[in-house]
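Each remark here refers to the structure printed beneath this line.
The values are calculated or read from the model by the stated rules, or taken from the named source; none is laboratory data. Computed from a prediction, not measured in an experiment: that's the story for all the values here. So basically every Cβ, Gly included, is an ideal-geometry build from the backbone, and we count neighbours across all protein chains shown. Only protein heavy atoms, including side chains, enter the accessible area calculation; ligands, DNA and RNA are left aside. Shrake-Rupley method; radii C 1.70, N 1.55, O 1.52, S 1.80 Å.
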Amino acid sequence: MNGTYAKGAYVNGRQWRTTIAAAQAGDRRALDELVEGWLPLVYNIVGRALNGHADVDDVVQETMLRAVDNLGSLRDPDSFRSWLVAIAMRQIRDRARRRTSESLADDAAQEATDFAELTVLRLQLEGQRREVAEAVRWLDDEDRQLLSLWWLEVAGELTRRELAAAVGISRQHAAVRVQRMKARLEAARGIVRALDSSCPELREVTARWDRRPDSVWRKRLARHIRGCRHCAAPGEAVVPAERLLVGLALVPIPVGFTLSLALGGKTAVAATTAATGVGWSAKVVAALTKPAVAMTAGATIVAGGAYVVTQPDATPPPKAAAPPTAASTSRPKAPSPTAKLSPSPSPSRTRTDLYGTVVDALDTAPDPNARPADLPRRPESGLTSTGGPKAVMQHRGDSVTLSGRGYVLVRWQISPKSRSGALVMPTWTGLKGKLFHVASGGGRRMDDTFEENADGYTSGMGGPRVGYTVLPTGTQQMWQNEYFYVDGTVTLTQNERGADYGLIVFPSNRDAVTKDVTTGPAQGAIRYGLVRDTGKDTAPIPQYVTRSSPADASTVRQKSRVTG
């Protein structure tokens, strides 16, 4: 199944617009691709919400069948992901309402694969990432349902708008609910941490515990931790959960997982007719009449109309990056939301007509007192901006086009209090000419620590009380002011989605850039700036830049290479 699903494939439903429209029009192959491609997302939501209960298979199947049955009613293909996630959450809630007191008592006997354990094993989680996965066991059903969506939001698979819509509440209410759930998750992490410790008193407390998490033991253990010096001390800096989950892969669908397409007495043929009026794909129809097995990428459709996932055991599970820790500098810093996450390797440069080097590796903040290098001189004839002298971009899809030859300032404004989590970077598209990343300034990197204020901030990326805004894996930490040099034409698009941020774009000049980066701590700023320009075509180029103009700017690859 992972042959179809790739990390980041669900950045936006628009990438699936053609497939969805074709499936609605009766394209059998497109319908197969749709079911196969979105099954992993649904499986992860349901699996985590129900923590691997035996009902997971049934809920996933019912979700996918309802989606297929009602595909013709979906008016906007761009909203497919939101629509599918909402169906999954309704099925999860319906399942909870159907459970009787007898079935609740039999939960232990009905337990299938513990999803927390599956997450740890399949993603090879260690340290604090493992701790977060195991803490999910201690949450109540309602919190686990919300966490199943928030986990994917932080990982970059869902947006806050989609999370709120799936739960059926406003974004403002969702922010409150998420904050409360995160607080309970952190308390559960404390329980996991304490159970891993060697506290002799805790061993006595848990002597009669059957090792199954429940609300009674959660309260008992939390009470012990609050009064125990040994258990209350974490022993290491506790990294917020949203920083640990960013960029984490989906849990692969287990070998042998079966998705039946003939639920409720429906044959596969009947299901097809209800879905599109034309029927399921030839693969499914053929499966009803032939004993032979029809193969897809990672999935098998067998007789009886069932998808059987056949992910080979030889395929190693994706390796999770090590938990991030703060980069050391000469001043105290907030835990960097991206520090020590495995950077994306840069492909070797094999062509001679490439210019610039994509900044696709993490960098450590320079010493605050280290003066920057001189900024090389580049020709300036001035830039024109479709946004005027000050373009304010606060919403997804806002853009500004720059033309000419000269410098431009992109100023960052991040609001984790409004919405923290995984940040989708802005992108440069439609480039004609050349574009360089020449300097960083503004007196601070966005993750530099300052004294916590009333809003709970300890840095521009957030703080422990409001949560952290987290960059994509391998993305260099931005500064308050980022400067670029344009020689031609390019469009900058704001892709605000998982985290709340804004950009202000000012055409500038070399003198203004020099003044900014050389304004150091003596003038009250946190640090001097940083000059990145080499004065040649080997100067760095932005991470997210392309000469093409995609319909959705957020789909630009991080390690794009710009030729010519």
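Put simply, the amide H of W479, placed in the peptide plane, has neighbours under 5 Å in M446, leaving out anything fewer than 5 places away on its chain. For the stretch 41-48, backbone phi angles converted through the Karplus equation (6.51, -1.76, 1.60; θ = phi - 60°) give residue-by-residue couplings of 5, 5, 4, 5, 5, 5, x, 6 Hz, Gly and Pro being listed as x. Volume per residue of the convex hull around the Cα atoms, evaluated for the stretch 514-564, comes out as 129 Å³.
Each peptide in 201-213, 469-481 receives the mean, over its residues, of other Cβ atoms within 10 Å, and ordering these scores from highest gives 469-481, 201-213. Close amide-amide hydrogen proximity is noted between K559 and no other residue 5 or more places distant or on a separate chain, at a cut-off under 5 Å (H modeled in the peptide plane; Pro and chain starts excluded). For the stretch 397-555, with all protein chains in place and a probe radius of 1.4 Å, 48% of the accessible heavy-atom surface sits on carbon or sulfur. In this label model, A232 and K559 are separated by 4.7 nm, measuring between points 7 Å along each Cα→Cβ vector. A 1.4 Å probe run over the stretch 437-509, with the rest of the protein chains in place, finds 23 Å² accessible per residue.
In this rough spin-label picture, where each label sits 7 Å from Cα along the Cβ direction, the T534-A551 distance is 3.8 nm. Note on E452 and S73: with the Förster distance fixed at 56 Å, the Cβ-Cβ geometry gives a FRET efficiency of about 0.70.
Extension gain for the segment E186 to Q523, taken as residue separation times 0.36 nm less the Cα-Cα distance, is 117.4 nm to one decimal.
Sequence-ordered 3J(HN,Hα) estimates for the stretch 535-548 from the Karplus curve with 6.51, -1.76 and 1.60 and θ = phi - 60° stand at x, 10, 6, 8, 4, x, 10, x, 5, 10, 9, 8, 7, 7 Hz, glycine and proline given as x.
Loop-located trypsin sites (Lys or Arg not before Pro) in the stretch 414-503 (DSSP state not H, G, I, E or B) with no more than 11 neighbouring Cβ atoms inside 10 Å do not occur.
Across the stretch 155-163, computed HN-Hα scalar couplings (Karplus, 6.51 cos²θ - 1.76 cosθ + 1.60, θ = phi - 60°) run 6, x, 9, 10, 9, 5, 4, 5, 4 Hz from first to last residue, x flagging Gly and Pro.
For the stretch 414-492, GluC sites (Glu not before Pro) are listed when DSSP marks them as loop and at most 11 other Cβ atoms sit within 10 Å of their Cβ; the list is E451.
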